[in-house]
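Chemist: Below: one structure in C-alpha cells.
The values are calculated or read from the model by the stated rules, or taken from the named source; none is laboratory data. Please read all numbers here as calculations on a predicted model, not as lab measurements. Note that each Cβ is placed from the backbone with ideal geometry, even for glycine, and that neighbours are counted across all protein chains shown.
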Amino acid sequence: MDTNEYMGIFLDESREHLQAVNDNILKLEKEPENLQIVNEIFRSAHTLKGIAATMGFDDITSLTHQMENVLDKIRSNMLSVSTDLIDIIFLAVEHLEEMVDAIGQGNDGKKDVSDLVTQLKQIEHGDYIPEMAAVSEQNIPIQMNLDEYQIAVAAQAKEQGYETIQMTVTFAEDCVMKAVRAYMVYEVLESKGELMKTIPAADEMETADFEQGFSVVLLSTESEEVIQSAVMRVSEVKHVAIASYSSEASEKSMADDTPGKVNRSDEAEGQHETGTTSKTIRVNLERIDDLMNLFEEIVIDRSRLEVIAKEINHPDLTETVGHMTSVSEDMQELILTMRMVPVEQVFNRFPRMVRGLAKELDKKIDLEIIGAETELDRTVIDQIGDPLVHLIRNGIDHGIESPATRIYAGKSEVGKLILRAYHSGNHIFIEIEDDGAGINRNKVAAKALENGIITAEQSAHFTDDEVAQLILSSGFSTADHVSDISGRGVGLDVVKNKIESLGGKITIESQQGYGSKFSIQLPLTLSILLTLLVKVEQETYAIPLSSIIETALLTEAQILYTHGQKVMDFRGSVVPLISLKEVFQIPGDRKVDQQYQSVVIVKKGEKMTGIMVDSFIGQREIVLKALGNYLGDIFAISGATILGEGQVALIIDPNALSK
C-alpha cells in the first residue's frame, strides 16, 4: 500500500493525539486518582499506535504499545500514579514527538527506544515504581480485577463458607531462582484453597519473566493469618501483603466495559462526538491560499465591472454589481477567518516545559494560561513559538526565585507565571507575566555600561522601563554563569528581531522585587495589511500602517543636512531622510510640486526614519502576496499586492530601510 498520500493526515492526527496525551498527563499529575483521565490517555495512545502501525512506523508502534500496557495497569488499580511514572511517560511523549517531527521532515522516523521500552516494562511489572513497595509494606495487596464468571464463582463459594482473598508476595532482592520460589508458594496456596487468578500469568512465572513478586486471588476457608504465615515460611519470601478481596473495583470496571451499559462520561463523550465530528473537516493551508489567490482575480474583475456599470448607467446592472460587491466582501472576510487558528496551538506546549524547568531548577511554579482561544493568523502562529519559549525560559530562570528566597521575601513559595493573549483593535497582544524578583536596574545598567551599550550619562537619565529594554540588546546577559537554560547572551535580542520581522513590537514593564511583564504586540494576520499607498514616479508602493508614526509635508527649508545626509527635525529628534526613488533607482523625471516634499515617518524600535515619496494616495486594506523563490531577496520589499483596478503594488519593508 502506498502510504505517502495519507502522510499529511497521519502527521496531523499524530500531533493531535500527542498533544491530548500531553495535556491529560498534566491533569493526571494533579488528579492521580481520576481514572477517567487515564482512559483518555489510553485512548489517544491506542489510536496513535494504530495509525503508526498502519503507516509502518515500528518504533512509534512499540513505544505506544508499551505505554498502553502501563496505562492499563494504572486504570486497573495495579499501579499508582507517581512523579517517577509521570516523568517516564513524559519522556516517552518527547520521543514520540521527535519521531513524528522527523517523519514530517521526510525522514524514516526511526529512533532507538529500547531503553525506554525496558523502563516501561519495569513499570508494568511493578519493579520500577517505589510506591508499590510502600503498598506492600503497609500490608495492602495490589487490587486485582476479576471477570464476570470469576465474580459469580466467588459469590457461590462464599455461600459455602469460602472467603475470597487477594495477596501480593514479594521476594528478596537477591533471589536468583524466582520461578522455583513462586512454584513453592503456589504449592502452599493450593494446599490452603483454590487459586482463581495470578498476575503475572502462570506461563510468565514458569519462565521467570516477572520482577520481584506476584499477586494472586485465592478461595480458602483458612484465615488470612494462617495463609500468610504458611507463605512466609518459603525461603526468600520477603513480604506477604494479604487482605479480603473487594469486588467493587471489578464490578465498576465490568460496568464500564459491559456492552449495553454506558457510564455518564462515555455517554457525554458520545454525545460530544455526535455533535461535532460531522461539522469539522481538515483543509490544507495551501488550498486556502489558492482560494484567496483566485478570489483576488474576482476582486479585479469586480472593480472593472463597477467602472463599466458607471459608464452604462443601467439600473439593473448597477444593482447587480452592488450586490456582488457586498457578497464578495463577505466572502473575503470568511476566507481570511478560515486562516485564523487559536493561539492555544502554541500555548499547549508550555505546561510541560514549565514543569520540566521548574523541576530542573528546584523551583515551584504555577503556570496560568488566559485567552488561549484567541485567534491569530496561521502564518503568525507558526513563527511566534520560539520567541515565547525564550521569554518563558528567561522568566523561570532569572525572574522567579527559589522557594526559600520567596519565603524569606514574604511571598508564597510557589511562583506565579501568567501567559495571556487578547485582541485589541487590529492587533493581538501576548503577555508573559511573573511575580518574581523583577529586573535589577543597577545590575542591568552596570552590565550595559560594561558592554558599551550605553554611556554613564545615559544611564543616569534612563527610566526603569528604558533600562529594562536594554536586556533586549544583542549579546546582553546578566546571568552569573552559563547554563543549559540561559546565560549565553543570545535569546532576547533574537526575540526582539523576530517579533519586529512579524510587524510587531515588544515592551517590558518591571518592578524590582515584584515581577516583570513582557508584552508582545502583533498584527492579527500577515496576509491582510492596512497600508498607506504612495506614489513614486509612475510606481505605486504600499507601506504598512503599523510601522508609520506620521506623515508630513516638508518645505525645502525644513530639509536639513548633517554629514551629507538629509535629515529633518521631528519634535526635537533628528530623523534621517531616505528617498524611495534613489533606493529603488526608479527611472523618470516626473514633475512634482516642488513647494512641499511628502515624507512618511516610520519607526523600528526606538529608531525613526523619514521615507521621501512623490505623493500620498490614501489608506488601503491589501492582501499580501509573496514574490516567490526567484524574487524573494529583493531589498526592502516584503511582498506585493494586486489593487482593485488590477495594478500591482510592491509592499515596502520599513524595518529594512531603518537599518
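Chemist: In this structure, is Leu522 in a loop (DSSP other than H, G, I, E, B) and modelled with pLDDT under 90?
Modeler: no
Chemist: Need the failing condition index for Glu329 against (1) charged (D, E, K, R); (2) assigned by TED's automatic domain parsing to the domain that holds Lys496; (3) over 21 Å from the mean Cα position of the chain (by Cα), just the number.
Modeler: Glu329 satisfies all of (1) charged (D, E, K, R); (2) assigned by TED's automatic domain parsing to the domain that holds Lys496; (3) over 21 Å from the mean Cα position of the chain (by Cα) except (2).
Chemist: While we're looking at this one, here's another question. Within the range 334-349, track down each residue that is loosely packed, with under 13 Cβ neighbours inside 10 Å and within 28 Å of Leu388 (Cβ to Cβ).
Modeler: Thr337
Chemist: Any chance you could count how many residues in the range 90-109 are loosely packed, with under 14 Cβ neighbours inside 10 Å and at pLDDT below 85?
Modeler: Number satisfying all stated conditions: 4.
Chemist: Just to verify a result, which residue in the range 358-369, among those that are out of contact with any strand residue (DSSP E or B) (no Cβ under 8 Å at 6 or more places or on another chain) and either on the phi < 0 side of the Ramachandran plot or among the small types (Gly, Ala, Ser) (or both), is surrounded by the most Cβ atoms within 10 Å (Cβ to Cβ)?
Modeler: Among those residues, the one meeting the criterion is Leu361.
Chemist: Would you mind finding the one in Glu311, Glu319, Glu306, Glu296 that is in a helix (DSSP H, G or I), among the charged types (D, E, K, R), surrounded by 14 or more Cβ atoms within 10 Å (Cβ to Cβ) and at pLDDT 80 or above?
Modeler: Residue meeting the stated conditions: Glu306.
Chemist: Any residue at all in the range 451-460 that's at pLDDT 75 or above, of a type in the set (A, V, I, L, M), more than 30 Å from Ile652 (Cβ to Cβ) and touching a helix residue (DSSP H, G or I) at 6+ places or on another chain (Cβ under 6 Å)?
Modeler: yes
Chemist: To continue, here is another question. Would a scan of the range 45-62 turn up a residue that is at pLDDT 85 or above, hydrophobic (A, V, I, L, M, F, W, C), touching a His at 6+ places or on another chain (Cβ under 9 Å) and closer than 30 Å to Ile369 by Cα?
Modeler: yes
Chemist: Say whether the condition of being at pLDDT 90 or above, surrounded by fewer than 16 Cβ atoms within 10 Å (Cβ to Cβ) and either within 15 Å of Pro654 (Cβ to Cβ) or hydroxyl-bearing (Ser, Thr, Tyr) (or both) is met by at least one residue in the range 598-615.
Modeler: For the range 598-615, residues at pLDDT 90 or above, surrounded by fewer than 16 Cβ atoms within 10 Å (Cβ to Cβ) and either within 15 Å of Pro654 (Cβ to Cβ) or hydroxyl-bearing (Ser, Thr, Tyr) (or both): present.
Chemist: Filtering the range 140-156 down to residues that are under 43 Å from the mean Cα position of the chain (by Cα) and of a type outside the set (Val, Ile, Thr), which residue is modelled with the highest pLDDT?
Modeler: Leu146
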